[in-house]
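As structure tokens, the structure follows; a few thoughts come after it.
What follows is calculated from the coordinates using simple rules that are stated; it is not laboratory data. As the structure is a computational prediction, the values presented were derived from the model and not from experiment. Here Cβ is always computed from backbone atoms with ideal geometry, including for glycine, and neighbour counts include all displayed protein chains.
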């Protein structure tokens with residue numbers, strides 16, 4: 001008999017003020033830009049300033065969000081640390097490449113190279129809390145975070161671990177933004193976040209963030225929700241998508257009617273939002289709908305923000321106005337489905353349930 | 001005692017061969033693939049040796065019928081090895097069972113990014129490589145090349161233990177019934193980025209690497225891709241597959257000691273080996289051969305040697321060797337390359353020499369296998385350790 005998996009705590013550093021778990025999108029920062037940077041928490045409260053100066057942004061954000069999650073779960077260590085990141089500490093990679101070229105492969109120092117390793121965040125967290133357990137890093141674009149969820153869920157269900165720190169982190173840096181704007185992945189003109197879905201332009205607004213959660217097979221007072229199921233697919237055609245979602249729900253003994261809220265990953269890219277709008281008008285037309293990328297902006301692990309949002313909604317039973325995509329209401333929000341894809345690839349479905 | 005997961009196919013490309021047979025032939029004839037670098041223009045060319053695959057990207061792209069300079073080298077190598085593995089398994093339709101692809105890489109498309117880093121802003125000639133920097137992009141290209149659709153496809157990057165972890169995850173997903181079949185492994189090409197990175201860490205040897213030798217001077221970087229096909233009992237039975245070997249045990253732990261160095265006594269390595277033995281339900285004495293991580297850096301070989309002594313006991317360490325003197329250290333793929341070599345060791349009942357070994361290390365009395373040796377081999381233990389404290393061990397066995 002496999003064990004039930006719970007989300008026992010959350011920790012978020014994002015382009016909204018989400019680092020304080022006692023709040024829930026109380027203040028919204030509205031961007032009118034092509035990029036959005038994290039709202040910095042008080043890093044000094046978490047990291048000695050001397051260390052913080054040399055730290056990559058992704059490590060700093062993750063130190064705060066992971067410590068927040070551990071604190072809220074009331075634990076100091078975990079059995080495993082699993083991190084998803086599309087690009088790792090890409091800022092250090094870029095600087096190191098720049099240094100190689102600018103200095104013709106001379107006068108280089110190792111710090112940037114070391115931090116550029118994709119598994120730096122998972123390694124640093126393990127080092128910080130002295131966790132000698134299982135340590136994994138997934139780096140598969142828009143399903144990096146979901147890959148981590150699948151791994152953690154498998155271990156908790158089989159009782160191979162009791163508490164796992166799972167997270168998703170990506171940092172935004174200049175060369176990456178500038179180069180991806182060249183190929184149309186990032187919008188060329190600023191867009192008002194509140195009108196993101198009506199932008200009718202190519203590309204997305206790029207952001208960054210770090211989301212960590214303690215997943216456990218033991219429910220406790222701090223528990224937010226149950227993680228029922230996660231699936232990732234490298235491809236799904238638009239035509240096949242509704243069928244894929246329905247069979248995912250069936251496999252998890254959940255009817256379409258049972259979905260009290262669907263959280264969709266629309267990012268305002270005129271070329272790819274069709275995946276979502278078809279669902280909104282199709283199989284989810286009678287389902288309350290929410291979206292979030294006008295708040296989080298887009299990045300490989302932006303779905304960590306959706307997971308955070310879903311967990312918060314289930315715990316507080318409050319759906320903030322700002323995330324509502326339609327005006328349908330469920331009397332209670334018991335079951336949430338999160339669907340995400342990026343540029344038509346790397347689709348993911350996550351099913352959460354109130355407990 | 002838990003049952004192993006069947007390995008039904010394998011593919012590899014490395015500095016000692018473009019397929020499994022060529023690799024095996026080099027291994028038993030003591031033919032190393034370490035040379036001066038020829039494909040990358042680096043000022044360190046005279047101070048380093050590498051395990052380079054001599055075929056050029058253009059030659060590979062012609063062979064794969066890809067447009068010239070369309071892919072970075074990691075996905076190209078990955079496609080070649082993954083296809084060989086699938087072919088060996090006898091798979092004709094990759095989508096006929098619930099199949100996953102778990103690849104791993106550390107550099108992804110860095111070889112191209114570093115080449116066109118500034119040029120992107122002057123001309124659109126090489127914009128096809130911009131998105132190739134993402135580690136996941138190399139895996140996506142492999143998935144496309146093998147025709148995998150609507151499936152679980154992911155990428156692991158845990159530095160030099162990546163492919164071992166990909167194999168471990170694949171085995172776990174088969175065991176838990178989430179997948180019927182999974183292609184697991186990794187791919188990493190040489191790049192200026194890693195050459196200079198390891199250079200700053202001062203762990204690159206200027207000559208042939210000498211694992212477990214007192215006078216070892218560091219590692220030679222290498223490039224490779226290696227994949228295994230793992231299949232569930234259901235598929236094996238239905239398709240009447242020939243089983244090459246089994247993934248019997250696996251263990252992952254973190255040294256939690258230092259971002260780049262291993263702890264002096266190899267705590268993480270000990271934990272990884274213990275867990276793998278536990279999963280396999282084997283006593284240390286059941287291990288017939290250890291394919292060591294053995295990078296030939298002062299730090300790794302000392303730490304790993306001590307860890308082996310802790311696991312097996314003084315005087316009881318089985319025959320062991322590092323094959324990195326053949327291939328160089330292929331970073332993410334090391335665990336994949338060495339899994340293929342472990343299967344070959346089981347199939348042929350032979351173990352490979354630890355080339356270039358002369359002087360035993362003064363810290364302990366451990367002497368690697370220095371000649372090809374034939375003996376009945378039932379269980380091989382293979383170690384892979386990486387930056388970030390990542391330690392992984394696989395046990396590959398003849399019987400389930």
Inset, instruction - Using label points projected 7 Å from each Cα along Cα→Cβ, tell me how many nm separate residue A:328 and residue A:278, to one decimal. - result: 1.8
Legend entry - Principal axes of the protein assembly as shown: Cα extent on each, largest first, Å: 74, 58, 52
Legend entry - Whole-number percent relative contact order across chain A, with pairs defined as alpha carbons under 8 Å at least 6 apart: 24
Inset, instruction - Would you look at the GNM of chain B, springs on alpha carbons closer than 10 Å, and say which of B:65, B:371, B:223 moves the most? - result: B:65
Inset, instruction - Go ahead and collect, in residue order, the members of segment B:348-390 whose backbone nitrogen is under 19 Å from a label point 7 Å along the Cα-Cβ direction of residue B:207. - result: B:354-362
Inset, instruction - Kindly provide the helix-only [θ] at 222 nm of chain B, computed as the sum of -39,500 (n - 2.57) over DSSP H runs of four or more divided by all residues, to the nearest 500 deg cm²/dmol? - result: -10000 deg cm²/dmol
Inset, instruction - Using only the Cα atoms of segment A:24-79, build the gyration tensor, take square roots of its eigenvalues as a ≥ b ≥ c, and label the shape rounded, prolate or oblate: rounded if a/c is under 1.5, else prolate if a/b is larger than b/c, else oblate. - result: oblate
Inset, instruction - Would you look at the GNM of chain A, springs on alpha carbons closer than 10 Å, and say which of A:321, A:105, A:226 moves the most? - result: A:105
Inset, instruction - Sort segment B:249-397 into rounded, prolate or oblate with this rule: let a ≥ b ≥ c be the square roots of the eigenvalues of the Cα gyration tensor; rounded if a/c is under 1.5, and if a/c is not under 1.5, prolate when a/b is larger than b/c, oblate otherwise. - result: rounded
Inset, instruction - Round to a whole angstrom and tell me the spacing of the C-alpha centers of segment A:236-296 and segment B:358-400. - result: 49
Inset, instruction - Work out how much length residue B:2 to residue B:62 would gain on full extension: take 0.36 nm times their residue separation and subtract the Cα-Cα distance, in nm to one decimal. - result: 17.1 nm
Legend entry - Hull-based mean projected area of segment B:209-290, where the convex hull spans the alpha carbons, in square nanometres: 8.5
Inset, instruction - Using only the Cα atoms of chain B, build the gyration tensor, take square roots of its eigenvalues as a ≥ b ≥ c, and label the shape rounded, prolate or oblate: rounded if a/c is under 1.5, else prolate if a/b is larger than b/c, else oblate. - result: oblate
Inset, instruction - Would you give the gap between the C-alpha center of segment A:74-134 and the C-alpha center of segment A:147-216, rounded to a whole Å? - result: 18
Inset, instruction - Given the options A:188, A:30, A:22, state which has the largest fluctuation in a GNM of chain A using a 10 Å cut-off (strictly under) for Cα springs. - result: A:22
Inset, instruction - Work out the mean other chain Cβ neighbour count within 10 Å for the residues of B:195-205 and drop it here as an integer. - result: 4
Inset, instruction - Please work out the C-alpha center-to-center distance from segment B:88-167 to segment B:243-304 and express it in whole Å. - result: 27
